[in-house]
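Trainee: Dropping the structure in here first, questions after.
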Amino acid sequence: MKKEKNEIAIFVKRKRREYGLTQEDFAIRSGLGLRFVRELEQGKTTCRMDKVNQALEFLGYKLKVIRMDGVEDE
């Protein structure tokens with residue numbers, strides 16, 4: 001069975017590189033641990049949501065809940 005790509009991991013890694021930050025720089029500047037940043041970018045499936053949000057907030061983004069079928073709730 002092929003492992004699905006973790007979209008958050010790919011996004012964070014891409015944005016971090018666009019900003020010219022190493023994982024260590026990103027960890028220090030965002031207030032996260034280096035181990036967490038590495039695990040996040042590797043697609044660890046059990047990352048804490050508060051820390052994921054902290055990483056995204058540092059990059060100027062946030063998580064949004066959307067329906068999988070594309071239908072918008074009222």
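Trainee: At a threshold of 8 angstrom on Cα-Cα distance, excluding pairs fewer than six apart, so keeping six or more, what relative contact order does the chain reach in percent? Don't skip to the end; give the middle numbers.
Mentor: Working: 45 pairs, mean separation 20.8, N = 74.
Relative contact order here is 28 percent.
Trainee: Would you mind getting me the FRET efficiency between Arg17 and Ile66? Use the beta-carbon distance for r and R0 = 25 Å, nearest 0.05.
Mentor: On the way: r = 26 Å, r/R0 = 1.02.
FRET efficiency, Arg17 to Ile66: 0.45.
Trainee: If one takes the longest principal axis of the Cα atoms in the chain, at what angle in degrees, from 0 to 90 and to the nearest 10, does the Cα axis of helix 7-18 lie?
Mentor: Once rounded, one gets 40 degrees.
Throughout, read-outs are computed from the coordinates displayed, never taken from laboratory work. All values reported here derive from a predicted model rather than from experimental measurement. For neighbour counting, all protein chains shown are included, and Cβ atoms are generated from backbone atoms with ideal geometry for every residue, glycine included.
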